[in-house]
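**Q** Have a look at the structure that comes next, please.
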Amino acid sequence: MSQRSGQREDSAGAPAPDAPRALRNPGDRLDRDWPAYFDAVEGNPARDTLLLALDRFDAEGGPRSGLMIDLGAGSGRDTIIALRRGWRVTAVDGSAEGLTRLGAKAADEPDAPLRLLAVEAKFEEMDLSRIAPQGAPLVNASFSLPFCAPEHFEQVWAQIVATLARAAGEGRPARFAGQLFGDRDSWAGIPGRTHHTRAHAERLFRGFALERFEEVEKDGNDAFGNPKHYHVFHVVARLDRAPAHEHTSGGAR
Ligand SMILES: C[S@@+](CC[C@H](N)C(=O)[O-])C[C@H]1O[C@@H](n2cnc3c(N)ncnc32)[C@H](O)[C@@H]1O
């Protein structure tokens with residue numbers, strides 16, 4: 001599905017500002033100051049994609065291991081909700097500041113710190129087979145994978161699929177929840193970012209059952225009020241058993 005409107009995109013999360021006089025933390029510099037982003041979106045609710053995935057697990061009677069890997073967890077808007085709903089969470093992020101903020105939030109939740117593991121790591125360097133050797137029934141990546149360097153995306157994606165595959169099977173589904181950015185997004189030309197055509201995004205989920213695959217394209221504002229053209233794929237995808245053959249992303253874009 002494709003949408004066009006002048007509304008703000010959910011990824012922004014901050015109150016809709018007046019038209020900005022000057023660009024603040026524009027897209028090509030966003031990843032130099034993640035704490036400013038965490039400030040801008042502070043207090044915003046968990047992502048719809050995560051909530052749908054959690055609801056699906058609940059409807060099935062809940063996962064047996066209850067481990068969610070939150071990739072690019074940031075200051076924890078998704079992680080906190082998963083903890084409240086009884087999951088164990090391994091939160092991975094390259095920002096030490098984000099994980100510190102997340103830890104402070106978790107400290108306010110009953111027994112949540114015991115179920116939270118924070119791992120400071122870049123996607124490009126992480127090893128999910130060590131972080132989650134038994135796999136995980138839920139890998140969540142809300143608005144974070146586009147910030148993975150494109151030359152590393154394929155191996156990162158293969159790790160995500162392998163992590164889900166280690167947990168899936170014998171009637172126990174595993175799920176991916178999160179966002180990918182499309183090739184018509186206004187940040188697509190920024191070096192170091194990963195964007196996908198629709199065809200490529202669909203290929204990534206070969207072997208999955210798509211519970212949500214929504215393509216949204218619209219004009220809006222980023223978290224700082226800067227104008228942005230959004231082209232985003234919102235995805236919740238279920239893996240019922242390990243793929244029969246090795247899963248690859250099929251190359252960039
Ligand atoms: C746009 S924020 C999204 C945060 C949160 N998931 C949300 O939905 O609001 C992107 C997050 O990914 C993290 N990140 C960006 N590039 C990364 C990388 N290469 N490796 C690990 N984390 C990264 C940032 O630190 C930030 O917390």
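**Q** May I ask you to list the lysines whose Cα is less than 19 Å away from that of Lys218, ignoring any residue fewer than eight positions away on the same chain?
**A** Lys228
**Q** Which three lengths, in whole Å and largest first, does the stretch 71-202 cover when its Cα atoms are put on their principal axes?
**A** Cα extents, longest axis first: 43, 39, 23 Å.
**Q** Just to verify a number: what accessible area does Glu42 come out at with the full protein assembly present, 1.4 Å probe, Å² rounded to tens?
**A** 100
**Q** Compute the accessible area per residue over the chain, keeping the other protein chains in place, probe 1.4 Å, unit Å².
**A** Values: 11290 Å² over 253 residues.
Each residue of the chain exposes 45 Å² on average to a 1.4 Å probe.
**Q** What is the magnitude of the charge dipole of the stretch 87-178 about its Cα centre, with +1 placed on the Cβ of each Lys and Arg, -1 on the Cβ of each Asp and Glu, and no other charges, expressed in debye to the nearest 20? Write down the numbers at each step before the final one.
**A** Working: 9 positive and 12 negative charges, 72 e Å.
Using only the charged Cβ atoms, the result is roughly 340 debye.
**Q** Now a separate question. Taking each pair of different alpha-carbon atoms in the stretch 109-159 once, compute 1/r for the pair, average those values, and report the inverse of that mean as the Kirkwood hydrodynamic radius in Å to one decimal. It would help to have the intermediate numbers written out before the result.
**A** Working: mean 1/r = 0.0791 Å⁻¹.
Evaluated on the stretch 109-159, it is 12.6 Å.
**Q** Quote the relative contact order of the chain in percent (integer), defining contacts as alpha-carbon pairs under 8 Å separated by 6+ residues. Intermediate values should be presented prior to the final figure.
**A** Details: 519 pairs, mean separation 62.5, N = 253.
Relative contact order for the chain comes out at 25 percent.
**Q** Would you tell me the accessible area of His229, worked out with a 1.4 angstrom probe on the heavy atoms of the protein chains, in Å² to the nearest 10?
**A** 40
**Q** Taking Rh as the Kirkwood radius, which is the inverse of the mean 1/r over Cα pairs, what is the Rg/Rh value for the stretch 175-228? Please list the in-between numbers first.
**A** Details: Rg = 12.8 Å, Rh = 12.8 Å.
Taking Rh as the inverse mean 1/r over Cα pairs, Rg/Rh reads 1.00.
**Q** How large a share of the accessible area of the stretch 44-239, in percent, is made up of carbon and sulfur atoms when the probe is 1.4 Å and the other protein chains stay in place? Mind dumping the intermediate values first?
**A** On the way: 3590 of 7190 Å².
So the carbon and sulfur contribution to the accessible surface is 50 percent.
**Q** Less than 13 Å apart at the alpha-carbon level, and either on another chain or at least 8 residues along: which aspartates and glutamates does that give for Lys105?
**A** Glu42, Asp78, Glu97
**Q** Note down, for the chain, the three equivalent ellipsoid semi-axes (square root of 5 times each alpha carbon gyration tensor eigenvalue), biggest first, whole angstrom. Each step should come with its number before you reach the end.
**A** Working: eigenvalues 145, 95, 55 Å².
Rounded to whole Å, the semi-axes are 27, 22, 17.
**Q** Show me the helices of the chain, taken as full DSSP H stretches, that run 20 Å or more along their long axis by Cα and average -0.5 or above in Kyte-Doolittle hydropathy. Before the final figure, lay out each step's value.
**A** Working: long enough: 150-167 (27 Å, 0.10).
Correct list, ordered by number: 150-167.
**Q** Further, regarding this structure: Nearest 5 percent is fine: what portion of the DSSP beta bridges confined to the chain is antiparallel?
**A** Values: 21 of 40 bridges.
About 50 percent, rounded to the nearest 5.
The values are calculated or read from the model by the stated rules, or taken from the named source; none is laboratory data. None of these values were measured; they are calculated from a predicted model. Don't worry about glycine lacking a Cβ; one is built from the backbone with ideal geometry, like all the others, and counts go over all protein chains shown. Ligands, DNA and RNA are excluded from the accessible area calculation, which covers all protein heavy atoms including side chains. Shrake-Rupley method; radii C 1.70, N 1.55, O 1.52, S 1.80 Å.
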